[in-house]
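Comments concern the structure below.
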């Protein structure tokens, strides 16, 4: 019996390493209770997205697994929201609804695993992740270009408890709820490249009555210093000014990014995503004063086949 328990424990550890990736976890998300048995293939929230059709990667193909209408993730205007990012639901506050039970390891996102299991060689190798929002609550009416990135954390995904600062001017959700999504693309030097997306119901609290509207988001462009590819100086004139769309990349269809496999788009200064609240995403934003409003039409500096 002791031998059997030992074998089962070793199999669990092996499984956790093989399947280790990262997801945003909260009851408000689509696919919160999806397991590796729900689909004919493993489509758990932690599974990365690469070379998929639009329907396969959009909302992680979890649109048929919505959250309860009353489960929402709160976004306090001018404050911050704490997201739980982990390789396994059992590592989060909601372990009681996971298949493997409680495996929490404090603030570490991947219990019993090294950082290689979430695609980084160390905290100096993390590349940031983002939260995006659309004021549309009806998911059947949402398109990729409707999402606006409103908060970025440059040290993501090093911590299980990840803080996202919320813009002070973010407006309330017209119907009482908005739709949000978490996005992440990791460093190219630590495992196969992919994109991550988990969508969830959200609500803005404490917004100003006269809060400005969200601006129409544009496609982000590569404009920061990129010494790994021989670019030692930033090119501010190529930055996308104001509201930006998430980075849709490496899929069979639906991409807005076409960067090379080893030059992925990232949620950091490389694409002018500043750490923290994105305060330039509103119509008439004062943060845009003194910055050029010109929208350059040239693509990012690195695109497929360019190096």
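The values are calculated or read from the model by the stated rules, or taken from the named source; none is laboratory data. Just so you know, these numbers come straight off a predicted model, no measurement behind them. Cβ atoms come from the backbone with ideal geometry, glycine included; neighbour counts cover every protein chain shown.
Scanning the range 189-202 for residues that are under 25 Å from residue 65 (Cβ atoms) and either modelled with pLDDT under 95 or in contact with a strand residue (DSSP E or B) (Cβ under 6 Å, 6 or more places away or on another chain) (or both), which turns out surrounded by the most Cβ atoms within 10 Å (Cβ to Cβ)?
199
At pLDDT 95 or above, outside any loop (DSSP other than H, G, I, E, B) and within 21 Å of residue 156 (Cβ to Cβ): does that describe residue 220?
no
Which of the numbered conditions does residue 34 fail, given that it passes all the others? Conditions: (1) touching a strand residue (DSSP E or B) at 6+ places or on another chain (Cβ under 9 Å); (2) surrounded by 14 or more Cβ atoms within 10 Å (Cβ to Cβ); (3) closer than 27 Å to residue 204 by Cβ.
Condition not satisfied by residue 34: (1).
All but one of (1) part of a loop (DSSP other than H, G, I, E, B); (2) touching a strand residue (DSSP E or B) at 6+ places or on another chain (Cβ under 8 Å) hold for residue 83, so report the exception by its number.
Only one criterion is unmet by residue 83, namely (1).
State which residue is modelled with the lowest pLDDT when the search covers only the range 107-129 and only residues that are over 16 Å from residue 21 (Cβ atoms) and in contact with a strand residue (DSSP E or B) (Cβ under 9 Å, 6 or more places away or on another chain).
107
I need a count of the residues in the range 143-170 that are buried (at least 21 other Cβ atoms within 10 Å of the Cβ) and part of a loop (DSSP other than H, G, I, E, B).
Matching residues across the range 143-170 total 8.
If residue 210 satisfies every condition in (1) touching a residue at least 24 places away in the same chain (Cβ under 8 Å); (2) in a loop (DSSP other than H, G, I, E, B); (3) more than 30 Å from residue 91 (Cβ to Cβ) but one, which is the exception?
Just one mismatch for residue 210, condition (1).
Checking the structure you have, find out if any residue of the range 193-203 is in contact (Cβ under 8 Å) with a residue 12 or more places away in the chain and not in a strand (DSSP E or B).
yes
Is one or more of the residues making up the range 250-271 on the phi > 0 side of the Ramachandran plot and at pLDDT 95 or above?
Yes, the range 250-271 has at least one match.
Tally the residues that are part of a loop (DSSP other than H, G, I, E, B) and either in contact with a strand residue (DSSP E or B) (Cβ under 9 Å, 6 or more places away or on another chain) or without any contact (Cβ under 8 Å) to a residue 12 or more places away in the chain (or both), restricting the search to the range 89-102.
So the answer is 5.
Please specify each residue of the range 37-80 satisfying the condition of being assigned to a strand (DSSP E or B) and surrounded by 19 or more Cβ atoms within 10 Å (Cβ to Cβ).
Scanning the range 37-80 gives 49, 73, 75.
May I ask you to list the residues in the range 242-289 that are under 19 Å from residue 224 (Cβ atoms), in contact with a strand residue (DSSP E or B) (Cβ under 8 Å, 6 or more places away or on another chain) and surrounded by fewer than 19 Cβ atoms within 10 Å (Cβ to Cβ)?
274, 275, 276
Looking at the range 81-90 only, could you name the residues that are surrounded by 14 or more Cβ atoms within 10 Å (Cβ to Cβ) and either modelled with pLDDT of 95 or more or out of contact with any helix residue (DSSP H, G or I) (no Cβ under 7 Å at 6 or more places or on another chain) (or both)?
81, 83, 84, 85, 86, 89, 90
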